[in-house]
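Peer 1: Quick one: the structure is below, and I'll ask about it shortly.
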Amino acid sequence: MAGRTFAEKALARAAGVPDARAGDILDVTPDLMLSHDNSAAISQIFRETGAAQVVYPERIAITLDHAVPAPTTRHAQNHAEIREWVRQQGIAHLFEVGRGICHQVIAEEGLILPGETVLGADSHTTHAGWLGAFGAGVGRTEMAALWATGQLWMRVPDAIRITLSGRLARGVTAKDVALHILAALGPTAALYRSVEFAGDGLAGLSLDERPVLPNMMAEAGAKNAYLPPDDAVFAYLEPRRTRDYTPLYPDPDAEYVADYRFDLDSLAPQVALPEQPDHVRPVTDVIGQPVQQAFIGTCTNGRLDDLRAAAQILRGQRVRCRLIVIPASAEVMLAAAREGILDTLISAGAAIGTPGCGPCMGNHMGIPAPGEVTISTGSRNFRGRMGTPDAPVYLASPYVVAASAIWGTITDPREVLA
Amino acid sequence: MKLEGKVWKYGDNIDTDVIIPARYLVTTDPQTLAAHCMEDIDQAFASQVQPGDIIVGGRNFGCGSSREHAPISIKGAGVSCIIAESFARIFFRNAINIGLPILESPEAARDAQKGDTLTVDLVAGTITNQRTGKTYQASPYPPFVLGIINAGGLVPYTRRELGIDITG
């Protein structure tokens, strides 16, 4: 009998069946059902199902993160509706304005653990794979059905394996690795598939860097992505978890439909050009491109190591273009304040925002004017993504974005670090 | 169920940020969303689309954000069906769940040109291009998905699962 992939094992566990193979369709009961500012809209669809009560209030997490603090009366009413819904239904986990971005917060709160499954009404739910969990995005109607029945059908995906070896050079991060992988895979190589990482290159990535990989595999079409959890992950979760867990690992003879290998030693900083995340070049190809705005934040790159990288570049400097910094969570912001990172960033001219998604999808807190160019640590640069169709977005690591903010042109951070 | 409509042709990797930009996500009203559908890549679409028209995309149609507004805006514009070489997975699920027919057929998608008239038989899964006379067989829906389509979408399907519509 051939071995099983992580996805096969995780979905068999979530469906309560002894075994599953790619292609099987299972009724899955997730350990966590995640949504955000879209929860009021989900509750309206829930009412249409005729159900009165959510079946698993203790498995539902709602994080207000997409437009926080509310930029308009309409957004405020939406938040008010969500709070009322949470109260009525006795939903166990509501995270208020300023707590942070949903994918970051559920990790910090120990709400999703290795081997578990989270379904989220957000396409970046693949993020949870950094803990060795199965995370997949679903639609609002599906989340309403999940609240009502506790179950959703899932097709067990085929899997691809990405093996990383070696160690990154100074000023090069997991973001550069993710962009490099996207360039090699293109936007569809992982479509409907589980992306399972392996190799000794993973151990050299800090815990703050690791989520970038599964987060950005959404841009290759992935259903979920997975990093094998190690002792560093277990130690991170130990003070946070409220239940036991059993990590899952793919069998050595698991069947993968494709195998990719990347060496980290020689990788240079990468930049995604407008208007696709896989439209990637080494930073050296785009040096000098003027930018009017730099943005450091998002679920992809708003963690403490990201802010540390920015502070390392910006210490004693003064930015020549707008720099917006939005920590991914209150926990990150507090740690950054205690380390003096916020001091460094503000002194360099950064504007610091309330933890949340910020301008990533064009809601507020840094919408570019038509014709302005933004360089962002986010994950998406599709046309109009940041709110204006004619405002191109480049994607890069916090090192590259911070270095570019100093000059107002795209800059190789290795020159600043040297 | 048979559909007929004129083709609006788009390329590969049409993402949900261009199908409906986030600046319009303050509503879920299909008509309001439809007024801005595709406007960042095709200004003519929202004003000229006719009820029953068919969108034809390339590979990975609907990639990016999971926003259900994307298929809602397309359905609200009166589009009867989307045919593409392939779909992003969340978009595929969302379209089925809100009752917007969606078919994968690489050949039909590649051959169709803007303004062609297509006839689609959803039960048989066939697509006929009236300009060329060619008929294509789309990938069949998985049985589970067919159940949701037959119920009229995931909400009525869930009502039935919960035993709320006994006669459903």
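The values are calculated or read from the model by the stated rules, or taken from the named source; none is laboratory data. What you are looking at is a predicted structure, and each value in this text was computed from that prediction instead of being measured. As a convention, Cβ positions derive from the backbone with ideal geometry for all residues, glycine included, and neighbour counts pool all protein chains shown. Note: accessible area is taken over every heavy atom of the protein model, side chains too, but ligands, DNA and RNA are not part of it. Shrake-Rupley method; radii C 1.70, N 1.55, O 1.52, S 1.80 Å.
Peer 1: With every protein chain in place, what's the accessible area of A:Thr246 (1.4 Å probe, Å², nearest 10)?
Peer 2: Taking all protein chains as shown, A:Thr246 has close to 100 Å².
Peer 1: Given the rule -39500 (n - 2.57) for each run of at least 4 DSSP H residues, summed and divided by the residues of chain B, what is its mean residue ellipticity at 222 nm, to the nearest 500 deg cm²/dmol?
Peer 2: -8000 deg cm²/dmol
Peer 1: I would also like to ask the following. With charges set only on the Cβ (+1 for Lys and Arg, -1 for Asp and Glu), what does the dipole of the stretch A:271-417 come to about its Cα centre, in debye to the nearest 20?
Peer 2: On the way: 12 positive and 12 negative charges, 33 e Å.
Dipole about the Cα centre, nearest 20: 160 debye.
Peer 1: Moving on. When the helix-only estimate is applied to chain A (DSSP H runs of n ≥ 4, each -39,500 (n - 2.57), divided by the residue count), what is the mean residue ellipticity at 222 nm, nearest 500 deg cm²/dmol? It would help to have the intermediate numbers written out before the result.
Peer 2: Values: 14 runs with 124 residues, N = 418.
Value at 222 nm, helices only: -8500 deg cm²/dmol.
Peer 1: Radius of gyration and Dmax for the stretch A:224-299's Cα atoms, expressed in Å?
Peer 2: For the stretch A:224-299, the Cα-based Rg and Dmax read 19.0, 51 Å.
Peer 1: Something else about it: What is the distance in Å between the Cα centroid of the stretch A:66-89 and that of the stretch B:79-143?
Peer 2: 38
Peer 1: Per residue and in cubic angstrom, what volume does the convex hull of the Cα atoms of the stretch A:31-178 have? Provide the component values of the computation, followed by the final result.
Peer 2: On the way: hull volume 19.3 nm³, N = 148.
It comes to 130 Å³ per residue, whole-number rounded.
Peer 1: Continuing with this model, one more query. List, largest first, the extents of the alpha carbons of the protein assembly as shown along their principal axes, each in whole Å.
Peer 2: For the protein assembly as shown, the Cα spread along each principal axis is 68, 52, 51 Å.
Peer 1: Counting only DSSP beta bridges with both residues in chain B, what percent are antiparallel, rounded to the nearest 5?
Peer 2: Working: 12 of 24 bridges.
For chain B, the DSSP antiparallel bridge percentage is about 50.
Peer 1: Placing unit charges on C-beta atoms (Lys and Arg positive, Asp and Glu negative, everything else neutral), compute the dipole magnitude of chain B about its Cα centre in debye, rounded to 20. Each step should come with its number before you reach the end.
Peer 2: Values: 15 positive and 18 negative charges, 40 e Å.
Here the size comes out at about 200 debye.
Peer 1: Using only the alpha carbons, work out the radius of gyration and Dmax of the stretch B:45-89 in angstrom.
Peer 2: Considering the stretch B:45-89 through its Cα atoms, Rg and Dmax are 10.6, 28 Å.
Peer 1: Right, another one. Do any trypsin sites (Lys or Arg not before Pro) in the stretch B:82-134 lie in a loop, going by DSSP, with at most 14 other beta-carbon atoms within 10 Å of their beta carbon, and if so which? Spell out each step's value before the answer.
Peer 2: Working: sites: B:Arg89, B:Arg93, B:Arg110, B:Lys114, B:Arg131, B:Lys134; in loops: B:Lys114, B:Arg131, B:Lys134.
Here the sparse-neighbourhood loop sites are B:Lys114, B:Arg131, B:Lys134.
Peer 1: Still on this model: Based on DSSP, what percent of beta bridges with both residues in the protein assembly as shown are antiparallel, to the nearest 5? Walk me through the numbers before you get to the answer.
Peer 2: Numbers: 22 of 74 bridges.
That works out to approximately 30 percent antiparallel.
Peer 1: Which value results when the Cα radius of gyration for chain B is divided by 2.2 N^0.38 Å? Don't jump to the answer; show the numbers that get you there.
Peer 2: Numbers: Rg = 15.5 Å, N = 168, 2.2 N^0.38 = 15.4 Å.
Compared with the compact-globule rule of thumb, chain B sits at 1.00.
Peer 1: Let me know the Kirkwood hydrodynamic radius for the stretch A:284-380, please, with Cα pairs as the basis and the value in Å to one decimal.
Peer 2: Details: mean 1/r = 0.0739 Å⁻¹.
Result for the stretch A:284-380 stands at 13.5 Å.
Peer 1: Related question: What residue among A:Ile42, A:Gly137, A:Gly358 has its Cα farthest toward the positive end of the dipole of chain A, where the charges are +1 on Lys, Arg and -1 on Asp, Glu, each on the Cβ?
Peer 2: The residue sitting farthest along the positive end of the dipole is A:Gly358.
Peer 1: While we're here: Would you give the gap between the C-alpha center of the stretch B:38-63 and the C-alpha center of the stretch A:295-332, rounded to a whole Å?
Peer 2: Spelled out, the Cα-based centre of one part sits 38 Å from the other.
Peer 1: About the Cα centre of chain A, what is the dipole size in debye to 20, counting +1 per Lys and Arg Cβ and -1 per Asp and Glu Cβ, all else neutral?
Peer 2: Working: 35 positive and 46 negative charges, 174 e Å.
Roughly 840 debye for chain A.
Peer 1: How do A:Ser35, B:Ser80 rank by accessible surface area computed with a 1.4 Å probe, from largest to smallest?
Peer 2: Details: A:Ser35 0, B:Ser80 20 Å².
In descending accessible area the options line up as B:Ser80, A:Ser35.
Peer 1: Same structure, new question: Apply the Debye scattering formula to the stretch A:123-170, with a single equal point scatterer on each alpha-carbon and no solvent, then give log10 I(q)/I(0) at q = 0.18, 0.30, 0.31 Å⁻¹.
Peer 2: -0.76, -1.20, -1.20
Peer 1: Write down the percent of antiparallel bridges among all DSSP beta bridges whose residues are both part of the stretch A:271-417, to the nearest 5. Provide the component values of the computation, followed by the final result.
Peer 2: On the way: 4 of 16 bridges.
Here the antiparallel bridges make up roughly 25 percent for the stretch A:271-417.
Peer 1: Additional query: On a 1.4 Å probe surface of the protein chains, which of A:Ser266, A:Ser347 comes out largest in accessible area, and what is the full order?
Peer 2: Details: A:Ser266 100, A:Ser347 70 Å².
The most accessible residue leads, giving A:Ser266, A:Ser347.
Peer 1: On to the next question. Considering only DSSP states other than H, G, I, E and B, which trypsin sites (Lys or Arg not before Pro) in the stretch A:372-418 qualify as loop sites with at most 15 other Cβ atoms within 10 Å?
Peer 2: Values: sites: A:Arg380, A:Arg383, A:Arg385, A:Arg414; in loops: A:Arg380, A:Arg383, A:Arg385.
For trypsin sites (Lys or Arg not before Pro) across the stretch A:372-418 that sit outside H, G, I, E and B with at most 15 neighbouring Cβ atoms in 10 Å, the list is empty.
Peer 1: Label points 7 Å out from Cα along the Cβ direction at B:Val26 and A:Arg74: separation in nm?
Peer 2: Going from the B:Val26 label point to the A:Arg74 one covers 0.4 nm.
Peer 1: With θ set to phi - 60°, apply the Karplus curve 6.51 cos²θ - 1.76 cosθ + 1.60 along the stretch A:206-211 and write out the HN-Hα couplings as whole Hz, x wherever there is a Gly or Pro.
Peer 2: 5, 4, 6, 7, 4, x
Peer 1: Which of the listed residues, A:Ala402, A:Thr377, A:Val283, is farthest toward the dipole's positive end in the stretch A:271-417, when Lys, Arg count +1 and Asp, Glu count -1 at the beta-carbon?
Peer 2: Toward the positive end, the furthest listed residue is A:Ala402.
Peer 1: Give me the count of lysine pairs in the protein assembly as shown whose alpha carbons sit under 20 angstrom apart, restricted to pairs 8 or more positions apart or on different chains.
Peer 2: Going through the protein assembly as shown pair by pair, I get 12.
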